[in-house]
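The values are calculated or read from the model by the stated rules, or taken from the named source; none is laboratory data. Because the structure is a prediction, the values reported are computed rather than measured. When we count neighbours, we look across all protein chains shown, and the Cβ atoms used for this are built from the backbone with ideal geometry, even at glycine.
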Amino acid sequence: MYRYLLAVLLSAYLSTSFAAPVAIEGIAAIVDEDVVLQSELEQRLADIRFQYNTRQQTLPPDDILKRQVLEQLILERIQLSQAERAGVRIDDNSLNASITDIASQNAMTLTEFRAKLEGEKQGSYDQVREQIRREMMISRLRNKRVGDRIHITEQDIDNFLASPQSQLALETEYRLAHITINVPESASPQDWASAKQKIETALQQLQEGKPFFNIVTQYSNAEDALQGGDLGWRKSALIPDLFRIAADPLQRGQYSEVLKSPAGYHIVTVIDKRGAQQMLIKQRHVRHILIKPSEILTLEDAKQQADDLHDRLVKGADFAEIAKTYSEDVGSARNGGDLTWVGTGEMVPSFEEMMLKTPINQISPVFESQFGWHILQVLGEREQDMSDQYKRNLARQALYARQFEDEKNSWARELRAEAFVQIKEPNSLSLQP
């Protein structure tokens, strides 16, 4: 809004102060009380052209591409405005974590990432940082608004589990790690003998009780050795047969004997597995207090209130009574903040991370999630057979993902239809005397 008003005021001032034509930065579109600048449109177009050139893909004609990109920017403006009105905020810790992830994906530290951006253009790091903040705000709003439109019943889940499509969703997944001693294609018998001796030494140290991660980083020469050889979660069909067959009978934490392939020698371990087999899930009995920012309570004020409550709890105040009086999680507040037994994957990442690292019967520090500021306490821990519940959760996730795209598109179309949008011709706002 402010950029648009500035442009209008500047236009009026210049039209009375100068005789010669003066061009200001063009406006590509007016969107409610905000604008999309022509320079933003050109920058986004340049970014897309660069990405497509590196992938050797074909772009649509310029007029179609420009229309598509402008519509994308318009929708982003509408969604960002909605997020701001809804009070969506991204704290610096969450933003820094996201930027660090992006840097890691590009094999850089955060410091290296920032230096690279600043080396390309002064101030570009701050611009990228602000763009990521905006994208995170839009994502949080979209997930909340679209999620509210999706309703999955128990009957929907039953129908899905009875359908052929459920088999793929329920296929066993493994999270494996491996120690690999690669040998070159032109390896001599001596090379193979040396590699075998090395893998057998690694196996012996595993049998002596040394951590798998330490053995990987010491002996493996695979590309993922510094990551502990972790292959991440994979469906069984996407795992090499040699590894899958060896891993199938193993329990969590067990490792295979030495395996031989055309590429060298290997040992695999099962970090975790999930699917149709028995699912023993570690759960924690958790209760919490939630303080949410609102139109009358700023993010900082909400944090201060949570800090004050935390001080009272540390001094011995009754957690259940504090939760009943102050917590804004209506569902749990009436029960003293009790969320009962919670397993991994059921809560948002920031909540789960704090839940897992808080000692039993201790009060956690105040921490933030997308919902507001939390304080939690872990009352106990157990292993629970969740095979049936796990299947139903997978089915729910599959149905949710299936509906999310349709609802997201419907929501975006509704926002676009309700907004005031005026598309300007390029360079139409060059000022004349």
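When Glu407, Glu414 are checked against the criterion of being more than 23 Å from the chain's Cα centre (by Cα) and among the charged types (D, E, K, R), Glu414 stands alone in meeting it. Checking each residue in region 384-401 for being among the charged types (D, E, K, R) and surrounded by 14 or more Cβ atoms within 10 Å (Cβ to Cβ) picks out Lys391, Arg392, Arg396.
So in region 51-78, with the set limited to residues that are under 25 Å from the mean Cα position of the chain (by Cα) and farther than 17 Å from Ala28 by Cβ, which one is surrounded by the most Cβ atoms within 10 Å (Cβ to Cβ)? The selected residue is Tyr52.
Looking across region 254-297, the residues that are within 26 Å of Leu339 (Cα to Cα) and modelled with pLDDT of 85 or more come down to Asp272, Gln283, Arg284, His285, Val286, Arg287, His288, Ile289, Leu290, Ile291, Lys292, Pro293. Considering only residues that are outside any loop (DSSP other than H, G, I, E, B) and touching an Asp or Glu at 6+ places or on another chain (Cβ under 9 Å), look in region 149-179 and name the one that is surrounded by the fewest Cβ atoms within 10 Å (Cβ to Cβ). That would be Arg149.
Give region 308-337 a look and list any residue that's in contact with a Ser or Thr (Cβ under 6 Å, 6 or more places away or on another chain) and outside any loop (DSSP other than H, G, I, E, B), or say none. Scanning region 308-337 gives a single hit, Ala333. In a residue-by-residue description of region 321-329, the property of being touching a residue at least 40 places away in the same chain (Cβ under 8 Å) and of a type in the set (Gly, Ala, Ser) applies to no position.
Condition check ((1) modelled with pLDDT under 90; (2) hydroxyl-bearing (Ser, Thr, Tyr); (3) closer than 29 Å to Asp156 by Cβ) across all residues:
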residue: Asp307; (1), (2), (3): no, no, no
residue: Thr325; (1), (2), (3): no, yes, no
residue: Pro349; (1), (2), (3): yes, no, yes
residue: Gln362; (1), (2), (3): no, no, no
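Each residue in region 230-243 was checked for being under 25 Å from Asn214 (Cβ atoms) and either over 24 Å from the mean Cα position of the chain (by Cα) or in a helix (DSSP H, G or I) (or both), and 4 pass. Going through (1) buried (at least 18 other Cβ atoms within 10 Å of the Cβ); (2) assigned to a strand (DSSP E or B); (3) not polar (S, T, N, Q) one by one, Pro293 falls short only on (2).
This table checks each residue for (1) part of a loop (DSSP other than H, G, I, E, B); (2) within 27 Å of Arg114 (Cα to Cα); (3) touching a Pro at 6+ places or on another chain (Cβ under 9 Å).
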position	(1), (2), (3)
Ala46	no, yes, no
Gln68	no, no, yes
Gln82	no, no, no
Ile90	yes, yes, no
Ile99	no, yes, no
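For region 333-355, a residue qualifies if it is in contact (Cβ under 8 Å) with a residue 12 or more places away in the chain, exposed (fewer than 13 other Cβ atoms within 10 Å of the Cβ) and more than 17 Å from the chain's Cα centre (by Cα), and exactly one does: Thr340. Return yes or no: is Leu117 without any contact (Cβ under 8 Å) to a residue 12 or more places away in the chain and touching a Ser or Thr at 6+ places or on another chain (Cβ under 6 Å)? Answer is yes for this residue. Filtered by the rule that a residue be of a type in the set (Asp, Glu) and within 31 Å of the chain's Cα centre (by Cα), region 306-332 gives Asp307, Asp308, Glu328, Asp329. Look at (1) modelled with pLDDT under 85; (2) acidic (Asp, Glu); (3) surrounded by 13 or more Cβ atoms within 10 Å (Cβ to Cβ) and you find that Glu407 fails only one, number (1).
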